[in-house]
Amino acid sequence: QVQLVESGGGLVQAGGSLRLSCAASGRTFSSYAMGWFRQAPGNEREFVASITWSGGSTYYADSVKGRFTISRDHAKNTVYLQMNSLPPEDTAFYYCAADLDYSGSYSSLYDFWGQGTQVTVSS
């Protein structure tokens with residue numbers, strides 16, 4: 001079992017940056033692949049980025065490539081999402097997710113989810 005708690009969301013102006021954190025409880029955090037997803041009102045949850053258990057491989061949605069960076073710190077049991085050059089279209093509720101076996105873009109294949117954090121980008 002893994003419990004996930006996101007933080008770092010907030011209101012930022014277009015072009016600004018935010019760093020989201022996802023703190024995980026449980027001694028086996030280092031065994032889990034981690035993903036970030038987002039959901040805007042009226043839209044389905046969509047993949048943003050993911051990272052393998054080792055941190056050796058990362059994956060990004062085309063819409064965020066070059067602007068977002070996912071990373072993890074095993075010592076702190078935390079995964080991060082650095083978001084730069086934010087446009088208003090990035091406004092959404094951001095969730096982190098964990099899975100022992102899967103590090104891809106299908107949200108239904110992740111076993112554990114956090115409660116999410118709101119990111120609002122003003123124009």
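The values are calculated or read from the model by the stated rules, or taken from the named source; none is laboratory data. Only a predicted model underlies this, so the values are computations on that prediction, with no experimental measurement involved. A quick note on method: Cβ atoms are made from the backbone with ideal geometry, for glycine too, and the neighbour counts reach across all protein chains shown. Keep in mind that these areas ignore ligands, DNA and RNA; they rest on the heavy atoms of the full protein, side chains included. Shrake-Rupley method; radii C 1.70, N 1.55, O 1.52, S 1.80 Å.
From the residues in region 1-56 that are modelled with pLDDT of 95 or more and of a type in the set (Lys, Arg), which one is least open to solvent (accessible area, probe 1.4 Å)?
Applying the filter and picking the extreme gives Arg38.
What about Phe112, is it surrounded by 15 or more Cβ atoms within 10 Å (Cβ to Cβ) and within 15 Å of Thr28 (Cβ to Cβ)? If you could, list the steps in order and put the result at the bottom.
Working: surrounded by 15 or more Cβ atoms within 10 Å (Cβ to Cβ): yes; within 15 Å of Thr28 (Cβ to Cβ): yes.
Judged against the criteria, Phe112 is a match.
Determine, yes or no, whether Tyr95 is part of a strand (DSSP E or B), open to solvent by 30 Å² or more (accessible area, probe 1.4 Å) and farther than 14 Å from Leu20 by Cβ. Step through it out loud before you land on a result.
On the way: part of a strand (DSSP E or B): yes; open to solvent by 30 Å² or more (accessible area, probe 1.4 Å): yes; farther than 14 Å from Leu20 by Cβ: no.
In short, no.
Exactly one condition in (1) closer than 21 Å to His74 by Cβ; (2) without any contact (Cβ under 8 Å) to a residue 24 or more places away in the chain is not met by Arg19; state its number.
Going through the list (1) closer than 21 Å to His74 by Cβ; (2) without any contact (Cβ under 8 Å) to a residue 24 or more places away in the chain, Arg19 breaks only (2).
In region 64-86, which residue that is surrounded by fewer than 15 Cβ atoms within 10 Å (Cβ to Cβ) and in a loop (DSSP other than H, G, I, E, B) is farthest from the chain's Cα centre (by Cα)?
This residue is Ala75.
Go through region 5-55 and give me each residue that's within 9 Å of the chain's Cα centre (by Cα) and of a type in the set (A, V, I, L, M).
Of region 5-55, the ones within 9 Å of the chain's Cα centre (by Cα) are 6, 20-22, 34-38, 47-50.
Within region 5-55, Leu20, Met34, Val48, Ala49 qualify.
Scan region 103-123 and report the pairs whose first residue is over 17 Å from Ala49 (Cβ atoms) and whose second residue is part of a strand (DSSP E or B) and open to solvent by 40 Å² or more (accessible area, probe 1.4 Å), with Cβ atoms within less than 6 Å and a gap of 6+ or a chain change.
Once the first residue is over 17 Å from Ala49 (Cβ atoms) and sits in region 103-123, its partners that are part of a strand (DSSP E or B) and open to solvent by 40 Å² or more (accessible area, probe 1.4 Å) give Gln118/Phe93; Thr120/Leu11; Ser122/Gln13.
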